[in-house]
Each structure stands twice: as structure tokens, then as C-alpha cells.
Amino acid sequence: MAEAEAVSVEGWDFSWLDGKATEERPSWGYQRGMGERLARASAALDVQTGGGEVLAGAATLPPVMVATESWPPNVAKATALLHPRGAVVVADADEPPLPFGDAAFDLVTSRHPVTVWWAEIARVLRPGGVYFSQQVGPASVFELVEYFLGPQPEHVRRARHPEDARRAAEAAGLQVVDLRVESLRTEFLDIGAVVYFLRKVVWMVPGFTVERYRERLRELDELIRREGAFVARTTRFLMEARKASPSV
């Protein structure tokens, strides 16, 4: 626990969890799909890029490539990672408006955005442009959340539902052309993995600290040692939406 409490949680790289936790990956391969679309784009925006790790994994970036990020340590990390690739990183508060003109991009991507401002996505897309995103679905890893916080009300468990995202996208004038959902097995193999995960994904258990939850962590450590893992379900959905072209 001491090691997990001290290690840096900057960026969106979870490699520290190698050997300590496992998570099934969605079958659709978001990074591969994103890379294919980036290779065909002329101007693209990656919203809430984190430390830029996912975007940097694309083999080809378009001539105009911009990423936004709000957390200062991630802005610095993404800048160092993406500037050599010719991408510009813009510090943005993740609140509307996006700091770009209307119809600025033919592709907008985002992996695990905290909030999606659908009207802004539609505004900065060119007619015929595409929004491509993998998002966290409802009640994701709630076995862990409810271990610390207790049973959550239904409206909290249902938050981030893909059908709500579909309705919001359509209300903003986007046509949803693909929407897929998967529930995936996640295992925490030691207590350090739990501490690291909750420090990094801060909205799961707001205000989490080792000191505050020391007794529950001790009990969870005993459970993991006894059963070999703490198992949870991660939910993910993939959405592709297109902005309509004007009628001729």
C-alpha cells in the first residue's frame, strides 16, 4: 500500500498495474479504429487526451492535429509526447465552448471523456465529419465503488448509459452510425492495485485516501489473499456519429 500511495499517477498510462491487475479489452479495438480514421483525416481533434498516450500510438496523424487537456501535469506530459509528432496540445478547462471555430475539424476523437459537450462537438465538426469515441458505461467497476461507498441509488448506477449518449448526440444534430456495448472482467490481484486505481481514477471513490479507508483496505486485502482476486465488471461503449452534410 505504501508503494501504491507514493507512486506518481500522472498521465493515463496504467502500466504500473502490470502483474497487479487485469482488465479485458473491448473487442472493437478503439486505438486501431482511431488510427485508421486519423490516417484519412485532414484536421482532427482529440478531446481530453490525458497524457497523450493513446493518440501517440497512432501510426499516422493528419496534417492538422490538435489535442485538449485540462489537468496541468497531463498537459505537460502530452505536450512532450505529441509535439515531436507535430500535434498541438491546448490547455482547456473541459467546459464549453471548445477553443476552436465552427467546422474546424473533420474528425473528433475521445477515449473515456469525463463529460461530453455534444453541442460543442457538433459545432466544431465539419458537415460530414465524424465523432469517434470509446466511453465508460454505466455502473463500471461498481463492485469496487460500492465496497467503499455502499449501495448506490439507481440514478447513479444508470449514469453514462449509452442510450442516453445516443439521444444527446442526436439532439445535437449528429447521426449515430455505430453504437456497441460490452461488459468486461476486471481483476485486482493485490491491495496496491486497488490503492493505485482509486488514486488515479479519482471520481470512482471521491476523496479516497489510504488513511480514510485504511480499515476497509485491510479487510479487502484479506479477501484478495483468501480468494486470489477482487473481481469487478468494467462497462465500455463505442460510438461513431456523423454530422449531416447540407442538402444539395
Considering only strands (runs of 3 or more DSSP E) wholly within the range 86-180, the ones with at least 1 residues that are hydroxyl-bearing (Ser, Thr, Tyr) are 105-111, 125-136
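For the range 188-217, which residues satisfy the criterion of being hydroxyl-bearing (Ser, Thr, Tyr) and touching a residue at least 24 places away in the same chain (Cβ under 8 Å)? Spell out the reasoning first.
Restricting attention to the range 188-217, the residues satisfying the condition of being hydroxyl-bearing (Ser, Thr, Tyr) are 196, 209, 213.
Result: TYR196, TYR213.
Let's see how each residue does on (1) out of contact with any strand residue (DSSP E or B) (no Cβ under 9 Å at 6 or more places or on another chain); (2) closer than 30 Å to VAL130 by Cβ:
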{"site": "VAL141", "(1), (2)": "no, yes"}
{"site": "PRO151", "(1), (2)": "yes, no"}
{"site": "ALA165", "(1), (2)": "no, yes"}
{"site": "LYS200", "(1), (2)": "yes, yes"}
{"site": "ARG212", "(1), (2)": "yes, no"}
{"site": "GLU215", "(1), (2)": "yes, no"}
Of the residues in the range 15-31, those that are of a type outside the set (D, E, K, R) and either in a loop (DSSP other than H, G, I, E, B) or within 15 Å of PHE132 (Cα to Cα) (or both) come to GLY19, PRO26, SER27, TRP28, GLY29, TYR30, GLN31
Of (1) of a type in the set (Gly, Ala, Ser); (2) closer than 28 Å to GLY33 by Cβ; (3) without any contact (Cβ under 8 Å) to a residue 60 or more places away in the chain, ALA139 fails just (3)
Report yes if some residue within the range 234-247 is in a loop (DSSP other than H, G, I, E, B), more than 17 Å from HIS112 (Cβ to Cβ) and at pLDDT 95 or above; otherwise report no. no
Residue pairs within 9 Å by beta carbon, gap of at least six or interchain, first lying in the range 32-61 and touching a residue at least 24 places away in the same chain (Cβ under 8 Å) and assigned to a strand (DSSP E or B), second buried (at least 20 other Cβ atoms within 10 Å of the Cβ) and among the basic types (Lys, Arg), listed first then second, are ASP46/ARG111
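The values are calculated or read from the model by the stated rules, or taken from the named source; none is laboratory data. All figures in this text were calculated on a predicted structure; none of them were measured in a lab. Cβ atoms come from the backbone with ideal geometry, glycine included; neighbour counts cover every protein chain shown.
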